[in-house]
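Accompanying notes for the structure given below.
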Amino acid sequence: MPDFSLAGGTADCVIGGKKTVMVQTSRGCPFDCSFCSVTGMFGKKFRYRSVASILAELRQYNTRQHFVFFCDDNFTANKRRARELLEAMVAEGFRFQWSTQVRTDLARDPELVRLMKRAGCHTVFIGFESVNPKSLTEMKKSQSLEDIRQAIRVVQDARIHIHGMFVFGFEEDDWNTVEATVSFAREMKLTSVQLLILTPLPGSELYQRLGAEKRITSFNWDLYDTHHVVYRPAGFTPFELQCAQGYGHTRLYTLPENLKKLATGRLVAAGLSFYAWKINRDWQKSNQEYLRGLAAAGGPAGWIDATHRPATSCSALPAR
């Protein structure tokens, strides 16, 4: 059984006083999204461990001390296998809470979602990717906007939290996509939201295409974290795309929004919102030199911040 804490960083993650431990029950994803590196790394074959092996690993952990993150690429890719594992976890009497990554097609089996809740599921991480139908088609996501809405309804009905992940920078994306994403996340009352920048990860179809078009602008792998622009997008300047992420996070995680969640009893969402607000603020402070360089290399003329200086921060930029 792998000890993921040896990889660095994971051993420091504590949520609600509980140490987060990582368990991998499967590997791979049968889908082939154009921007994803999973297929390039593992192929399209979905491989998984035996239920007995997984149960033996889970017995190491304590309800009061541990929170489990199943770090599978797609936990419910094989729903029969997922059901078998979940039923065994219930029968074993495990009481710890856990989270994992799934796709919107999970909603096609509401009974499975309810079983996940009974087995201790606290939060699911779902790659919604975009509210722009054209972008969903471009990335070969094999899901529609209605699929996204239905998945949110089914998961929330089961009282499972949702961490929604969206990506900006596809060929059909522009500032309207940014505004629509922020509005959608608020409307659907997602517990937390992560806005990512499209990144041509080696091994992906996107990397091959943008490389052939000579649109990749940096091979500094430290920037390939989905939080820095490393290519020339179609619907934004590089600086605008960088600002789209900061602007979106700033809109979603304002202090008034955080207090509103707290006042309406959405305590988990409120706690994560304060955490995200701090992360967003700290990122912008620590990346000022990068932002200034990106702005100088092609920032839009005329954009100014609240102090009427040339805009080198993303937080104050309006959608155009």
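The values are calculated or read from the model by the stated rules, or taken from the named source; none is laboratory data. Note that the coordinates shown come from a computational prediction; the quantities given were computed from them, not determined experimentally. Don't worry about glycine lacking a Cβ; one is built from the backbone with ideal geometry, like all the others, and counts go over all protein chains shown.
Details
- Residue check for D105: in a loop (DSSP other than H, G, I, E, B), of a type outside the set (A, V, I, L, M, F, W, C) and under 19 Å from the mean Cα position of the chain (by Cα): no
- Every listed requirement among (1) modelled with pLDDT under 90; (2) loosely packed, with under 13 Cβ neighbours inside 10 Å; (3) in a helix (DSSP H, G or I); (4) not small (G, A, S) is met by K278 save one, (1).
- Considering residues of the range 241-265 that are surrounded by fewer than 19 Cβ atoms within 10 Å (Cβ to Cβ) and of a type in the set (S, T, Y) only, the residue nearest to the chain's Cα centre (by Cα): T254
One line per residue, one yes/no per condition, for (1) modelled with pLDDT of 95 or more; (2) touching a strand residue (DSSP E or B) at 6+ places or on another chain (Cβ under 6 Å); (3) closer than 26 Å to R118 by Cα:
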residue	(1), (2), (3)
E146	yes, no, no
A151	yes, no, yes
V155	yes, yes, yes
A158	yes, no, yes
G164	yes, yes, yes
V167	yes, yes, no
E172	yes, no, no
A180	yes, no, no
S183	yes, no, no
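- For E129, the criteria (1) more than 19 Å from Q156 (Cα to Cα); (2) touching a Lys or Arg at 6+ places or on another chain (Cβ under 8 Å); (3) of a type outside the set (V, I, T) hold in every case but one, which is (1).
- Within the range 78-97, being of a type in the set (A, V, I, L, M, F, W, C) and touching a helix residue (DSSP H, G or I) at 6+ places or on another chain (Cβ under 9 Å) holds for A82, L85, L86, A88, M89, V90, F94, F96.
- Odd one out for T100 among (1) part of a helix (DSSP H, G or I); (2) under 28 Å from G248 (Cα atoms): (1)
- Being among the aliphatic types (A, V, I, L, M) and in contact with an Asp or Glu (Cβ under 8 Å, 6 or more places away or on another chain) holds for only one residue in L106, L6, L58, L85, and it is L58.
- Among the residues making up the range 13-38, those that are within 14 Å of D72 (Cβ to Cβ), under 18 Å from the mean Cα position of the chain (by Cα) and among the aliphatic types (A, V, I, L, M) are M22, V38.
- Residue in the range 56-75 that is in contact (Cβ under 8 Å) with a residue 60 or more places away in the chain, touching a helix residue (DSSP H, G or I) at 6+ places or on another chain (Cβ under 8 Å) and within 16 Å of R118 (Cα to Cα) present: no
- Checked against (1) under 17 Å from the mean Cα position of the chain (by Cα); (2) crowded, with 21+ Cβ neighbours inside 10 Å, L86 passes all but a single condition, namely (1).
- Checking R103, R81, R95, R108 one by one, the residue that is crowded, with 22+ Cβ neighbours inside 10 Å and either touching a residue at least 60 places away in the same chain (Cβ under 8 Å) or among the charged types (D, E, K, R) (or both) is R103 and no other.
- Answer residue from the range 218-258, given it is modelled with pLDDT of 90 or more and aliphatic (A, V, I, L, M) and is nearest to E187 (Cα to Cα) among those: L252
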